[in-house]
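See below for the structure under consideration.
The values are calculated or read from the model by the stated rules, or taken from the named source; none is laboratory data. As the structure is a computational prediction, the values presented were derived from the model and not from experiment. We place every Cβ from the backbone using ideal geometry, glycine too, and count neighbours over all the protein chains shown. For the accessible areas, the whole protein counts, side chains as well, though only heavy atoms, and no ligand, DNA or RNA atoms are used. Shrake-Rupley method; radii C 1.70, N 1.55, O 1.52, S 1.80 Å.
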Amino acid sequence: MTERMHLHSAVTATVLAALLLSACGGSAEEGAELNEDDYGYGAMENFEAGDTFVATEPLSFSLLYRDHPNYPLQEDWLILQHLEEEHGVSLDPVVAPLSDYEDRRGVLIGSGQAPDFMPVIWPGHEDPFIAGGSLLPVSDYLDYMPNFTDKLDTWDLWEEFDNLRKEDGKAYILPGLREDPYHQWTIAIRADIWQEQGLEDPETWDEFREQLEVIRDEYPDMIPWSDRWQMNATLNLVGPSFNTAGGWGYGNGLRYDHDAEEFIYIGASDEYREMLEYFASLVEADLLDPESLTQDDEVATQKFASGQSAAISTNEEEMQGYWEAIGEAGSDAEVRMIPVPAGPAGNVVEGGGRFDVGLVISSAAADREDFLALLQFIDWLYYSDSGLEFAIWGVESETYEVGADGERQLLEHVGIKDFNPGAETHLSVDYGFYNGVFTHNFGSDTELFLSLMSEEVVELQEQMADKEELPLQPNVPFTELELEQVSLWQTALTDYVNQATAQFIIGQRSFDDWDSYVAELESRGMNELLDAAEEAHQRGQEMLEELEE
């Protein structure tokens with residue numbers, strides 16, 4: 001091992017005493033110090049929050065590029081040209097198609113051929129690659145990422161970041177950061193029907209049920225609600241209002257009861273049962289299509305577009321698809337998104353909603369003589385105000401202009417979404433901007449984030465802003481050995497919960513059978529999982545206390 005493969009240790013006023021770090025996958029405490037003679041090639045001196053990164057020497061970094069079919073990668077994109085010409089950084093994409101992105105990422109990391117950095121990875125998805133030493137413990141290098149840490153400070157996000165730390169006390173992912181939570185999942189309704197019946201946006205799920213009853217009675221040929229995504233989106237967005245989780249938000253099945261100061265298993269909880277009973281009552285009353293849990297998305301969309309249903313789950317991107325489907329059906333139906341109603345737990349949303357998809361860095365990147373420059377570049381592009389504005393809006397006078405009122409506006413020949421429809425060029429397709437590979441799903445300050453959103457989405461954020469956030473779910477840092485057993489329990493439990501959830505909702509299984517259902521969960525390791533979670537949680541709390549000392 002050469003001298004360049006060692007990162008030198010240091011002690012700072014705000015972090016733990018640092019240990020020597022082997023760049024080939026070893027570990028270190030926070031505050032690892034980079035010797036700029038070995039690692040500072042191309043880096044800026046005194047790089048601070050708000051500075052625009054410009055390499056002092058030409059640099060080239062590889063990245064795993066998720067190639068989206070709606071805006072396939074083009075080598076002559078303005079974003080790539082500008083990064084090279086104005087910032088001294090050439091990006092060398094390792095291309096993986098959207099349909100195969102996660103598998104391709106796993107193969108590259110597992111084979112030791114990972115690019116320097118890999119965007120578009122959700123927190124938690126880095127876990128399988130940590131034990132092998134393939135990913136950089138990014139929390140060791142936060143002193144070199146002033147924009148990232150400035151936003152953690154300014155937006156009070158340190159607690160959420162500490163939740164990303166693993167059993168060794170380190171975090172291996174740089175998440176997307178948002179100033180405010182982004183609420184994109186909700187229910188789309190036939191606005192014309194609601195208006196015709198004199199119905200306002202429902203304030204509670206019980207009121208929504210009453211409105212669906214009106215639709216059923218007034219439109220006997222229509223099923224009021226026919227859902228898509230096998231109801232995974234709906235159970236996810238409804239869960240917090242019942243103080244539980246479901247669907248895509250079910251995760252590992254663990255939920256911390258802050259009042260009782262203990263973990264509960266979601267699928268066995270009274271709150272989860274109450275949520276399922278709500279949806280089961282809708283099916284029984286012919287208000288919710290029982291096929292919602294099995295039908296293809298296209299089928300659900302066509303039911304909504306053709307007038308066979310009046311409500312469906314949605315997000316900002318899918319709204320455009322609904323409008324197009326309605327137009328193809330020759331209908332003049334009107335559609336709008338409603339704010340998520342309140343439930344038994346109150347007018348609440350899940351806590352910790354300000355992190356989004358992020359990126360990981362290959363541990364091999366720490367061998368590079370331009371490692372410090374890589375950290376500075378990532379910090380500028382993904383976390384600085386100027387980098388985020390560049391990645392989203394492009395280059396002033398080439399893709400957008402700033403008016404006398406200080407508002408950004410796309411130039412007439414550039415369009416995206418509903419902005420400048422019919423424009424000659426597209427901001428993403430033709431220039432590479434507004435691209436999740438370079439923007440962490442557009443995580444940024446609220447003004448910038450909403451600047452290219454539709455009026456309807458902006459209105460939805462305003463409507464949801466008054467909701468109370470539930471307490472943040474705590475960190476459960478299982479060890480590698482624990483994870484092997486825990487994953488077996490979780491798989492067996494989650495598979496059974498998913499099966500039973502559908503059965504309870506569509507009426508194939510009576511809630512009188514709930515006790516036997518819970519007993520089956522116990523036989524599949526539920527209590528053992530809860531015990532392991534309690535132990536890991538306690539260990540994690542002690543780890544965080546040590547970090548604060």
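Run Pro202 past the list (1) surrounded by fewer than 21 Cβ atoms within 10 Å (Cβ to Cβ); (2) in contact with a strand residue (DSSP E or B) (Cβ under 9 Å, 6 or more places away or on another chain); (3) part of a loop (DSSP other than H, G, I, E, B) and report the number of the one that doesn't hold.
Of (1) surrounded by fewer than 21 Cβ atoms within 10 Å (Cβ to Cβ); (2) in contact with a strand residue (DSSP E or B) (Cβ under 9 Å, 6 or more places away or on another chain); (3) part of a loop (DSSP other than H, G, I, E, B), only one is false for Pro202: (1).
For region 250-277, which residues satisfy the criterion of being out of contact with any strand residue (DSSP E or B) (no Cβ under 6 Å at 6 or more places or on another chain) and open to solvent by less than 20 Å² (accessible area, probe 1.4 Å)? Please lay out each step first, then the result.
Initial filter on region 250-277 (out of contact with any strand residue (DSSP E or B) (no Cβ under 6 Å at 6 or more places or on another chain)): 250-252, 258-262, 265, 267-277.
Listed by number, the residues that qualify are Tyr250, Tyr265, Gly267, Ser269, Tyr272, Met275, Leu276.
Consider only pairs whose beta carbons are under 8 Å apart and that are at least six residues apart or on different chains; among these, list those whose first residue lies in region 318-329 and is closer than 19 Å to Met453 by Cβ and whose second residue is open to solvent by less than 60 Å² (accessible area, probe 1.4 Å) and of a type in the set (D, E, K, R).
Note: pairs meeting the criteria are Met319/Glu456.
Hey, can you tell me all the residues within region 104-151 that are hydroxyl-bearing (Ser, Thr, Tyr), at pLDDT 95 or above and over 20 Å from Phe355 (Cα atoms)? Write out each step before concluding.
Step one: of region 104-151, the residues hydroxyl-bearing (Ser, Thr, Tyr) are 111, 134, 139, 141, 144, 149.
Next cut, at pLDDT 95 or above only: 134, 139, 141, 144, 149.
Residues satisfying the conditions are Ser134, Tyr144.
So Asn252 clears everything in (1) at pLDDT 95 or above; (2) outside any strand (DSSP E or B) except one condition, right? Which one?
(1)
Among residues belonging to region 279-320 that are touching a Gly at 6+ places or on another chain (Cβ under 8 Å) and of a type outside the set (Val, Ile, Thr), point out the one that is surrounded by the fewest Cβ atoms within 10 Å (Cβ to Cβ). Let's see the steps before the verdict.
Step one: of region 279-320, the residues touching a Gly at 6+ places or on another chain (Cβ under 8 Å) are 280, 283-284, 290, 301.
Retained after the next criterion (residues that are of a type outside the set (Val, Ile, Thr)): 280, 284, 290.
On the way: Ala280: 21, Glu284: 13, Pro290: 19.
Per the criteria, the residue is Glu284.
Applying the selection to region 513-545, what residues are closer than 20 Å to Val486 by Cβ, charged (D, E, K, R) and modelled with pLDDT under 95?
If the condition is that a residue be closer than 20 Å to Val486 by Cβ, charged (D, E, K, R) and modelled with pLDDT under 95, then Arg539, Glu542 are the ones that fit.
Looking at region 81-120, which of its residues are acidic (Asp, Glu), more than 18 Å from Ile173 (Cα to Cα) and not in a helix (DSSP H, G or I)?
Correct list: Asp92 only.
For region 383-412, how many residues are outside any strand (DSSP E or B) and open to solvent by 60 Å² or more (accessible area, probe 1.4 Å)? First the steps, then the outcome.
Looking only at region 383-412, we keep the residues that are outside any strand (DSSP E or B), and these are 383-395, 397-399, 403-407, 411-412.
With open to solvent by 60 Å² or more (accessible area, probe 1.4 Å) added as a condition, the list becomes 385, 397-398, 404-405, 407, 412.
Residues that pass the stated criteria total 7.
Looking only at residues in region 56-80 that are outside any helix (DSSP H, G or I) and open to solvent by less than 20 Å² (accessible area, probe 1.4 Å), which one is nearest to Leu427 (Cα to Cα)? Working first, answer last.
Kept after step one, since they are outside any helix (DSSP H, G or I), are these residues of region 56-80: 56-77.
Filter once more, keeping what is open to solvent by less than 20 Å² (accessible area, probe 1.4 Å): 59, 61, 63-65, 77.
Numbers: Leu59: 26, Phe61: 24, Leu63: 21, Leu64: 21, Tyr65: 18, Trp77: 10 Å.
So, considering only residues that are outside any helix (DSSP H, G or I) and open to solvent by less than 20 Å² (accessible area, probe 1.4 Å), the one nearest to Leu427 (Cα to Cα) is Trp77.
Checking Asp445 against (1) surrounded by fewer than 18 Cβ atoms within 10 Å (Cβ to Cβ); (2) under 30 Å from Phe242 (Cα atoms), which single condition isn't satisfied?
Among (1) surrounded by fewer than 18 Cβ atoms within 10 Å (Cβ to Cβ); (2) under 30 Å from Phe242 (Cα atoms), the lone unmet condition for Asp445 is (1).
Right, Leu521: hydrophobic (A, V, I, L, M, F, W, C), assigned to a helix (DSSP H, G or I) and open to solvent by 10 Å² or more (accessible area, probe 1.4 Å) or not?
Judged against the criteria, Leu521 is not a match.
Kindly indicate whether Gly247 is surrounded by fewer than 22 Cβ atoms within 10 Å (Cβ to Cβ), within 20 Å of Ala492 (Cα to Cα) and within 24 Å of the chain's Cα centre (by Cα).
Working: surrounded by fewer than 22 Cβ atoms within 10 Å (Cβ to Cβ): yes; within 20 Å of Ala492 (Cα to Cα): yes; within 24 Å of the chain's Cα centre (by Cα): yes.
It is true that Gly247 is surrounded by fewer than 22 Cβ atoms within 10 Å (Cβ to Cβ), within 20 Å of Ala492 (Cα to Cα) and within 24 Å of the chain's Cα centre (by Cα).
Name the single residue, out of those in region 464-489 being of a type outside the set (Asp, Glu), within 23 Å of the chain's Cα centre (by Cα) and exposed (fewer than 14 other Cβ atoms within 10 Å of the Cβ), that is nearest to Ser241 (Cα to Cα).
To start, the set of residues in region 464-489 that are of a type outside the set (Asp, Glu) comprises 464-465, 467, 470-479, 481, 483, 485-489.
Filter once more, keeping what is within 23 Å of the chain's Cα centre (by Cα): 464-465, 467, 470-478, 483, 487.
Restricting the remaining residues to those that are exposed (fewer than 14 other Cβ atoms within 10 Å of the Cβ) gives 465, 471.
Numbers: Ala465: 15, Pro471: 13 Å.
Only one residue fits best here, namely Pro471.
Filter region 413-435 for residues that are of a type in the set (Gly, Ala, Ser) and open to solvent by less than 10 Å² (accessible area, probe 1.4 Å); which is farthest from the chain's Cα centre (by Cα)? Working first, answer last.
Step one: of region 413-435, the residues of a type in the set (Gly, Ala, Ser) are 415, 422-423, 428, 432.
If we keep only those that are open to solvent by less than 10 Å² (accessible area, probe 1.4 Å) too, we end up with 415, 428, 432.
On the way: Gly415: 26, Ser428: 20, Gly432: 21 Å.
Taking the candidates together, the pick is Gly415.
Scanning region 81-103 for residues that are modelled with pLDDT of 95 or more and among the hydroxyl-bearing types (Ser, Thr, Tyr), which turns out surrounded by the most Cβ atoms within 10 Å (Cβ to Cβ)?
Among residues in region 81-103 that are modelled with pLDDT of 95 or more and among the hydroxyl-bearing types (Ser, Thr, Tyr), the one surrounded by the most Cβ atoms within 10 Å (Cβ to Cβ) is Tyr101.
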